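The values are calculated or read from the model by the stated rules, or taken from the named source; none is laboratory data. Here the structure is a predicted model, which is why all the values come from computation and not from measurement. Methodologically, a virtual Cβ is constructed for each residue, glycine included, from the backbone with ideal geometry; neighbour enumeration extends over all protein chains shown.
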Amino acid sequence: MIRIVEDKNTWNGLLGQMPEYDFYYTHEYHVSLVKDGELPILIHYQSEEKTVLFPFLKRDVDGRYFDLISVHGYLGPISNSSAIDVPAFQAELMAFLRSENIVSVFTKLNPYLEGPRKLLKGLGQTEQVGELIYFDQAEDTATQLSKYSRTTGQRLRKLRRIAYVREIASDRELDEFVALYHANLDRLKAKNLYYFPKEYFKSLIHSENVDARALFAIDMETEKIMGGAFCVGSRNVAQLEIVFTEEAYYNLSPVRLLYDECRELFRSSIKYLNLGGGTGGREGSLMKFKATFTQFYADYTVWKLTVLPEVYDSLQTKRQRVIESSFFPKYRLPVNS
């Protein structure tokens with residue numbers, strides 16, 4: 001049986017029963033990122049005591065048909081049992097999607113969870129679009145530190161002499177964190193997607209389903225803020241979701257101190273600390289920087305499913321049909337008329 005869950009208490013209650021999940025699965029995260037015309041939904045599949053949860057944003061296509069996409073982050077279906085009958089789940093999922101007039105489904109997949117790979121195997125199309133880099137938290141501290149590059153080791157030793165990390169503990173400090181983070185995005189001319197409001201941080205910090213920490217790197221001498229980070233842990237996985245540096249401290253690279261602090265904060269509670277990816281892959285400047293801490297890589301993949309092929313084709317314009325593109329769904333591909 002499949003049902004749709006929309007309310008926060010039921011959604012997070014079901015999530016809390018899962019042996020593995022990531023903070024991207026929470027109701028708070030979906031509500032924080034929803035746009036006009038989108039509806040956060042949780043597909044809840046139940047077979048006896050076995051459960052599958054699959055979160056999405058539902059979008060209207062033309063008043064009759066709809067499609068499903070994932071929020072920013074890494075998701076996919078998760079289960080409370082390793083004995084799920086995968087063909088039965090997939091068959092019921094497809095029947096449900098057709099009954100709901102869902103034309104297509106797109107989600108980014110979480111490489112640190114077993115569910116997405118197992119439950120979607122053989123259904124739809126999976127594509128690798130990049131790589132992510134992570135700390136293996138099963139390693140002891142000495143082993144992890146031995147993999148830091150010489151430059152990062154030297155910078156960290158210097159930073160430990162002149163700076164310290166403090167966890168944000170008040171509403172006023174959270175206001176300051178958000179203001180500094182937004183100012184950093186302004187300097188970088190970042191996309192609107194990344195301008196998370198205060199309520200986004202506050203809801204996750206107070207969520208019972210995740211362990212969210214907002215951190216400041218502080219100059220010991222002046223007590224000025226050098227930079228900040230937002231780390232969020234759940235079962236097995238933590239995300240170093242946000243890191244920023246105050247312009248006056250770029251040369252000191254306080255983000256190194258914040259990376260190292262997040263690694264230590266989530267040492268005993270999780271298996272993976274994800275540092276994310278970067279434009280240009282391993283040859284890009286951001287990934288090269290992250291590789292000065294750890295050299296563990298995970299495939300970053302997306303999943304595409306066309307539920308109603310004839311409707312999918314009919315929704316495309318002539319221009320969309322002839323363009324060679326991996327964009328999905330193609331009927332939403334922006335093109336010049």
Just the residues that are farther than 14 Å from L305 by Cβ and in a helix (DSSP H, G or I), please, taken from segment 43-90. V86, P87, A88
Has segment 176-190 got at least one residue that is surrounded by 17 or more Cβ atoms within 10 Å (Cβ to Cβ) and under 30 Å from Q17 (Cβ atoms)? no
Among the residues of segment 288-309, is any within 30 Å of P77 (Cβ to Cβ), touching a helix residue (DSSP H, G or I) at 6+ places or on another chain (Cβ under 9 Å), modelled with pLDDT under 95 and not assigned by TED's automatic domain parsing to the domain that holds Y25? no
Being touching a residue at least 12 places away in the same chain (Cβ under 8 Å), surrounded by fewer than 17 Cβ atoms within 10 Å (Cβ to Cβ) and either in a loop (DSSP other than H, G, I, E, B) or not hydroxyl-bearing (S, T, Y) (or both) is true for just one of L93, L97, L39. Which residue is that? L39
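Restricting to segment 291-331, give me the number of residues that are without any contact (Cβ under 8 Å) to a residue 40 or more places away in the chain, not polar (S, T, N, Q) and not in a loop (DSSP other than H, G, I, E, B). Steps first, answer last, please.
So the first thing to find is which residues in segment 291-331 are without any contact (Cβ under 8 Å) to a residue 40 or more places away in the chain, and the list is 309-310, 313-314, 316-325, 327, 330.
Then drop every residue that is not not polar (S, T, N, Q), which leaves 309-310, 313, 318-319, 321-324, 327, 330.
So of that shortlist, the ones also not in a loop (DSSP other than H, G, I, E, B) come out as 309-310, 313, 318-319, 321-322, 330.
Total satisfying the criteria: 8.
For R263, indicate whether it is part of a loop (DSSP other than H, G, I, E, B) and within 28 Å of P19 (Cα to Cα). Break it down stepwise before answering.
Working: part of a loop (DSSP other than H, G, I, E, B): no; within 28 Å of P19 (Cα to Cα): yes.
So R263 does not fit the description; no.
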Filter pass, I162 being among the β-branched types (V, I, T) and over 23 Å from the mean Cα position of the chain (by Cα): yes
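State all residues of segment 100-117 that are assigned to a loop (DSSP other than H, G, I, E, B) and of a type in the set (S, T, N, Q); if no residue qualifies, say none.
Filtering segment 100-117 down to residues assigned to a loop (DSSP other than H, G, I, E, B) leaves 100-101, 110-113.
Scanning segment 100-117 gives N101, N110.
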State whether one or more residues within segment 270-284 are over 19 Å from the mean Cα position of the chain (by Cα) and either under 30 Å from F54 (Cβ atoms) or buried (at least 18 other Cβ atoms within 10 Å of the Cβ) (or both). no
Residue list for segment 291-337, filter: farther than 26 Å from G115 by Cβ and of a type in the set (K, R): K318, R319, R321, K330, R332
Residues that are at pLDDT below 95: list the strands (runs of 3 or more DSSP E) wholly contained in segment 118-225 that include at least 1 such residues. 125-136, 211-219
Scanning segment 310-324 residue by residue, those surrounded by fewer than 10 Cβ atoms within 10 Å (Cβ to Cβ) and under 20 Å from T107 (Cβ atoms) turn out to be none
Residue hits (segment 64-90; in contact (Cβ under 8 Å) with a residue 60 or more places away in the chain and in contact with a Ser or Thr (Cβ under 7 Å, 6 or more places away or on another chain)) are D67, G76, S79, N80
Restricting attention to segment 206-235, the residues that are free of Cβ contacts under 8 Å to residues at least 12 places away in the same chain and over 13 Å from V165 (Cα atoms) number exactly 2
Restricted to segment 93-123, and to residues that are polar (S, T, N, Q) and closer than 15 Å to Y65 by Cα, which residue is nearest to the chain's Cα centre (by Cα)? S104
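Here are some residues: F54, F66. Which one is closer than 16 Å to T107 by Cβ and surrounded by fewer than 22 Cβ atoms within 10 Å (Cβ to Cβ)? Please lay out each step first, then the result.
Values: F54 fails: surrounded by fewer than 22 Cβ atoms within 10 Å (Cβ to Cβ).
Just one listed residue meets the conditions, F66.
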